[in-house]
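Comments concern the structure below.
The values are calculated or read from the model by the stated rules, or taken from the named source; none is laboratory data. Computed from a predicted model, the values in this text were never measured in an experiment. Here the Cβ positions follow ideal geometry from the backbone for every residue, glycine too, while neighbour counts run over all protein chains shown.
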Amino acid sequence: MEKKYVVTTTQMFALLFLSAIVVGLTYNLPMSKSNNLQDHIASAFIAMGLSFVLIMPVYKLYQINNAMNIADSCMWLFKKFGIVFLIVYGLYYIFASCYILSLFNIFVGNIMSLNVSPFFLTLAVVVTASYAACKGIEGIARGGIIIFFIICIAIIFIVITLIPQVDIMNYSPLLYKNMDETLNGVFYILSLAFYIPLAGILFPFIKGNVKKTVCILNFSVYGILILAMFIVSGALGDYLKTQTFPIYSATSVAEIGVFRRLDAVYLGIFTMGLFITISLFLLAFYLVMKKMLGEKRGKFIVALGDILVLLISLVLPLFSNLFYNMKFILLFTILTSFFIPIILLIRYNILKKKGEVK
Amino acid sequence: MFNFIKNYMNKKKSVNEQKSEDKDANKKIPSSIDKVLNYFKSEFDNSLDLTIREIDITKTKAAVITMEGMINKQIFANSVLNPIVSHCNDDNLNVKEKYEYIKNSILATSEQVEVDTYDQAFKLVMSGFALLVFDGYNKILAIGVQGFSFRGITEPETEIMQKGSREGLVEALRINVTLIRRRIKNPKLKFEVLSIGKTSQTDICLCYLTDMVSDDNLDELKRRLKKVDLENILAAEFITPYLEENGDISFFSTIGITERPDTVCGKISEGRIAILVDGTPTALIVPYLFVENFQTIDDYSSRPYFATFTRWLKYAAFFISMMFPGLYVALAGFNPEIFPDQLISKIYYSVADTPFPLMLETLLIHFVYEIMREAGLRLPKPLGHAVSIVGALVIGETAVNSGLIGAPTLMVVALTAISSYVIPNLYEATAILRLIFIIVGGTLGVWGITLLFSIILVNLCAKNNFSVPFMSPISPFNLYSMRDVLIRAGWKTLSKKTEKIQNMPH
């Protein structure tokens with residue numbers, strides 16, 4: 001299999017960072033069974049270390065054959081039985097898209113309470129993301145880096161406007177109560193590490209030093225999360241405990257000059273990042289399904305992915321007990337980012353010892 | 001019965017052979033002058049502009065065929081007709097020798113082409129050549145006496161420059177070639193003529209520097225031009241869809257268009273290929289980058305700091321002309337809290353006092369504006385002023401005073417309209433996208449605006465033309481190229497390294 005170098009390390013970093021940031025923007029305290037965001041700063045530090053462990057098998061698989069994505073590896077090492085893993089990955093990418101989209105719906109419908117139909121909004125996101133996915137990784141990556149740049153400026157802008165709102169009295173000593181909230185935080189943050197299974201499918205497109213990219217990515221993603229938690233905790237204080245989406249709440253109190261309530265900036269970041277993230281997951285779904293169903297069914301796969309994401313994201317809130325359950329998401333994420341790649345590595349070593357693979 | 005079929009088949013075969021012979025005969029010039037002249041007359045169906053002057057050259061029948069209005073009559077008389085009639089008087093020469101003698105010793109024109117097929121002869125005579133036909137010789141001498149009238153070289157109206165050359169391309173291909181050659185006096189500058197259009201047989205000329213152009217790009221361009229299956233090419237823009245990538249659905253064109261010979265020279269000196277189309281005062285340029293829409297030749301005549309400033313103005317104007325009305329509708333309709341108190345009250349009262357929803361109101365004003373613009377384009381200039389007055393005073397002010405439209409909305413549309421003229425190359429794209437942004441902003445708010453912006457971004461970024469990414473050097477990023485994108489560096493910096501278009505990051 002020939003390697004297709006189409007994306008630079010910077011572009012790949014931007015794409016994975018954006019997908020991680022979007023998940024971070026939906027950071028939801030009730031889902032983490034906690035109401036102390038400050039304790040999650042420690043959680044983020046621990047999660048950062050663990051994320052290096054989680055991403056290791058995916059990276060090792062890439063090192064073994066840098067032209068193969070995780071779907072290719074599944075079929076290569078397990079032949080037709082690899083389809084089982086492909087189904088798991090396909091479901092995971094669809095689930096990740098639906099999870100983020102459904103939170104977006106909740107955000108639009110319940111938090112913003114605007115006269116915009118969540119269905120039409122979801123439809124618009126799915127259609128646009130699907131278009132981007134059809135354009136391929138090259139188009140998404142090139143567009144993604146510009147969006148990444150815009151989002152970075154917006155984040156810096158929001159941070160600067162929030163700093164004057166920070167009150168030192170809002171901070172309490174870390175781990176003041178007990179470790180439970182911190183541990184819940186670790187599990188919650190790791191459950192949202194959607195970018196690791198995504199990296200498994202996107203790594204073969206990279207041109208450049210993947211190891212360095214992964215390190216910078218992990219530090220950046222958790223670094224920005226820690227910074228956001230620190231500033232949001234200081235700016236909102238106890239008010240935070242009643243908020244579903246703390247980062248959004250913080251932007252709504254930010255102001256600069258004559259402009260108040262910068263939540264429109266947050267909306268912009270959220271939507272642009274959402275667009276890139278959903279398009280990446282749809283592309284990942286397409287690549288996995290293509291491996292399973294063949295290249296000829298490309299259009300069918302894209303349409304299938306769109307319909308599944310659209311429908312599931314709308315009905316997902318009805319099954320909130322299952323799908324918004326942190327344990328379920330954590331299990332699914334760790335399965336796809338760690339356990340399946342580990343199984344593939346073990347299989348590879350067995351076959352290598354037998355001399356069946358190089 | 002069998003004989004009947006056999007005879008029928010033989011008859012049919014002989015008819016086909018006759019047809020095929022006729023076809024060949026049509027192509028090759030016969031030695032009989034009568035056949036040649038009759039063929040010309042029948043093909044042109046005695047057209048008004050076909051001129052045949054039969055002459056006698058020392059007892060040999062000859063004729064000169066020209067097209068009325070395509071030749072310079074003075075040159076024709078002094079350099080062709082007079083020398084032949086007065087100097088060719090050697091009776092001892094046979095036809096071929098006479099032909100050679102006239103060709104080499106009599107004629108005073110530099111451009112002479114020997115043709116032996118009708119196709120070539122037709123093409124040349126319709127390009128302003130005089131055809132000299134001899135009885136008993138199966139070759140025609142085409143003599144270059146072109147001299148058709150054409151519009152004078154004037155300043156292009158769509159690319160007016162404050163400093164520098166006032167010359168613009170004209171409709172005549174040869175004049176355009178001269179305009180370019182005068183600016184690049186380098187033997188590496190090559191003009192390659194091709195002919196496209198089944199009926200019109202339009203001459204198109206590829207201009208490039210042989211040491212700068214990418215061979216791959218040149219081959220690809222020729223391959224795409226070969227695919228042009230149009231009957232008539234009446235303007236350069238006719239062939240642009242054939243030069244774009246297959247399946248390239250976008251509001252933005254990947255083909256550059258200019259009316260300035262100096263711009264053409266600047267572009268081809270970076271490895272691009274200019275395509276001149278006979279009859280069109282514009283040149284197409286490939287490969288073309290999105291950022292080039294914001295670069296004008298004036299930038300390079302101004303001081304770098306001012307050129308940088310104007311470049312940023314153009315970027316701002318692009319976003320304003322495309323997104324501002326949509327963003328205004330989205331924010332005023334869904335997120336008014338972002339506006340300062342005084343502004344929000346003004347917008348609120350303006351919206352409350354007008355009968356239409358904000359989205360509809362903005363769309364209506366845009367439609368009215370586009371109607372006035374279109375009318376202004378077609379009207380004679382003196383009437384154009386009247387339209388401006390009607391537009392500005394009657395429709396604008398009166399509509400606000402009567403409460404039909406709000407003053408803030410009118411201001412937004414006016415600012416947008418002015419901004420759209422800052423980048424004339426992108427007018428078409430921004431005009432349509434503006435309307436889409438208004439509709440999306442009015443129905444899906446800021447989410448819709450950001451989604452539409454993102455999709456446009458991916459669409460632009462996914463575009464390639466001649467293997468060069470359209471959004472290069474922004475994405476894929478090239479820091480060195482930013483000296484002529486984010487800023488306009490001074491000439492000393494710009495001239496340090498000439499960047500070839502094919503070397504843009506992929």
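Table: residues versus (1) modelled with pLDDT under 80; (2) surrounded by fewer than 17 Cβ atoms within 10 Å (Cβ to Cβ).
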residue: B:3; (1), (2): yes, yes
residue: B:36; (1), (2): no, no
residue: B:44; (1), (2): no, no
residue: B:52; (1), (2): no, yes
residue: B:80; (1), (2): no, no
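Looking across region A:258-300, just one residue is among the acidic types (Asp, Glu) and either more than 14 Å from every other protein chain (Cβ to nearest Cβ) or under 18 Å from the mean Cα position of the chain (by Cα) (or both), and that is A:295. Of the residues making up region B:322-339, those that are within 14 Å of another protein chain (Cβ to nearest Cβ), among the aromatic types (Phe, Trp, Tyr) and touching a residue at least 40 places away in the same chain (Cβ under 8 Å) are B:328, B:334. Among the residues of this structure, residue B:282 counts as one that is among the β-branched types (Val, Ile, Thr), crowded, with 18+ Cβ neighbours inside 10 Å and closer than 30 Å to residue B:486 by Cβ. Scan region B:306-321 and give yes if some residue there is assigned to a helix (DSSP H, G or I), within 14 Å of chain A (Cβ to nearest Cβ), over 30 Å from residue B:489 (Cβ atoms) and of a type in the set (Ser, Thr, Tyr), otherwise no. Checked against the condition, which is being assigned to a helix (DSSP H, G or I), within 14 Å of chain A (Cβ to nearest Cβ), over 30 Å from residue B:489 (Cβ atoms) and of a type in the set (Ser, Thr, Tyr), region B:306-321 yields no hits at all. Of A:329, A:312, A:342, all but one fail to be surrounded by 18 or more Cβ atoms within 10 Å (Cβ to Cβ), under 24 Å from residue A:55 (Cβ atoms) and in contact (Cβ under 8 Å) with a residue 24 or more places away in the chain; the exception is A:329. Out of A:116, A:210, A:186, one residue alone is farther than 30 Å from residue A:289 by Cβ and more than 14 Å from chain B (Cβ to nearest Cβ). It is A:186.
The residues of region A:1-39 that are at pLDDT below 80 and either touching a Cys at 6+ places or on another chain (Cβ under 6 Å) or within 14 Å of chain B (Cβ to nearest Cβ) (or both), listed by number, are A:4, A:5, A:25. With respect to the conditions (1) over 28 Å from residue B:155 (Cα atoms); (2) surrounded by fewer than 18 Cβ atoms within 10 Å (Cβ to Cβ); (3) modelled with pLDDT under 90; (4) within 17 Å of the chain's Cα centre (by Cα), residue B:225 falls short on a single one, namely (3).
Per-residue answers, yes or no, for (1) surrounded by fewer than 21 Cβ atoms within 10 Å (Cβ to Cβ); (2) out of contact with any helix residue (DSSP H, G or I) (no Cβ under 6 Å at 6 or more places or on another chain); (3) at pLDDT 90 or above:
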site	(1), (2), (3)
B:298	yes, yes, no
B:305	yes, yes, yes
B:312	yes, yes, yes
B:325	no, no, yes
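Could you check, for region B:445-460, whether at least one of its residues is of a type in the set (Phe, Trp, Tyr), touching a residue at least 40 places away in the same chain (Cβ under 8 Å) and within 30 Å of residue A:270 (Cβ to Cβ)? Within region B:445-460, one or more residues are of a type in the set (Phe, Trp, Tyr), touching a residue at least 40 places away in the same chain (Cβ under 8 Å) and within 30 Å of residue A:270 (Cβ to Cβ). Residues that are modelled with pLDDT of 90 or more, within 14 Å of chain A (Cβ to nearest Cβ) and surrounded by 20 or more Cβ atoms within 10 Å (Cβ to Cβ) number at least 2 in the following helices (runs of 4 or more DSSP H) confined to region B:390-497: B:427-462.
The residues on offer are A:228, A:235, A:193, A:199, and the sole one that is touching a residue at least 60 places away in the same chain (Cβ under 8 Å) and outside any helix (DSSP H, G or I) is A:193.
Rundown of residues vs (1) acidic (Asp, Glu); (2) within 14 Å of chain A (Cβ to nearest Cβ); (3) loosely packed, with under 13 Cβ neighbours inside 10 Å; (4) farther than 26 Å from residue B:330 by Cβ, yes/no style:
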{"residue": "B:341", "(1), (2), (3), (4)": "yes, yes, yes, no"}
{"residue": "B:345", "(1), (2), (3), (4)": "no, yes, yes, no"}
{"residue": "B:349", "(1), (2), (3), (4)": "no, no, no, no"}
{"residue": "B:368", "(1), (2), (3), (4)": "no, no, no, no"}
{"residue": "B:374", "(1), (2), (3), (4)": "yes, no, yes, yes"}
{"residue": "B:384", "(1), (2), (3), (4)": "no, no, no, yes"}
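For region B:327-358, filtered to residues that are farther than 17 Å from residue B:442 by Cα and among the acidic types (Asp, Glu), the residue that is modelled with the lowest pLDDT is B:341. Only residues that are more than 9 Å from chain B (Cβ to nearest Cβ) and closer than 17 Å to residue A:283 by Cα were counted in region A:135-152, giving 1.
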